[in-house]
């Protein structure tokens with residue numbers, strides 16, 4: 001089975017197993033590039049510590065890295081709401097309740113960070 005843009009499954013043409021495609025699928029390469037840039041920022045932090053850079057300069061870079069991750073998380077959350085939650089809303093029933101609860105918990109975790 002193959003999953004549609006909103007996360008639904010459909011038959012796979014190859015070996016009969018289900019594959020899942022989530023709402024972020026259409027922007028996957030952009031997301032990977034963005035995460036690689038964030039990874040570079042984190043490696044830069046390691047380098048700064050290794051090189052005994054001034055504390056405040058390191059904290060400034062920590063703040064930038066944190067903001068980059070938060071921005072990525074918000075974009076991913078938006079895609080989840082537009083695709084996965086919207087698809088569940090169309091289907092109705094218990095699935096929409098589960099997706100809303102799942103998204104609410106994810107938002108709560110983001111707010112605690």
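The values are calculated or read from the model by the stated rules, or taken from the named source; none is laboratory data. A quick note: this is a predicted structure, and the numbers were derived from the prediction, not measured. Virtual Cβ from ideal backbone geometry, glycine too; neighbours counted across all protein chains shown.
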Next item on the list: Hey, can you tell me all the residues within the range 1-23 that are within 25 Å of residue 99 (Cα to Cα), in a loop (DSSP other than H, G, I, E, B) and at pLDDT below 60?
Entry: 1, 4, 5, 6, 7, 8, 11, 12
Margin query: Here is a check on your reading of the model: is residue 38 touching a helix residue (DSSP H, G or I) at 6+ places or on another chain (Cβ under 6 Å) and either at pLDDT 95 or above or closer than 25 Å to residue 112 by Cβ (or both)?
Written below: yes
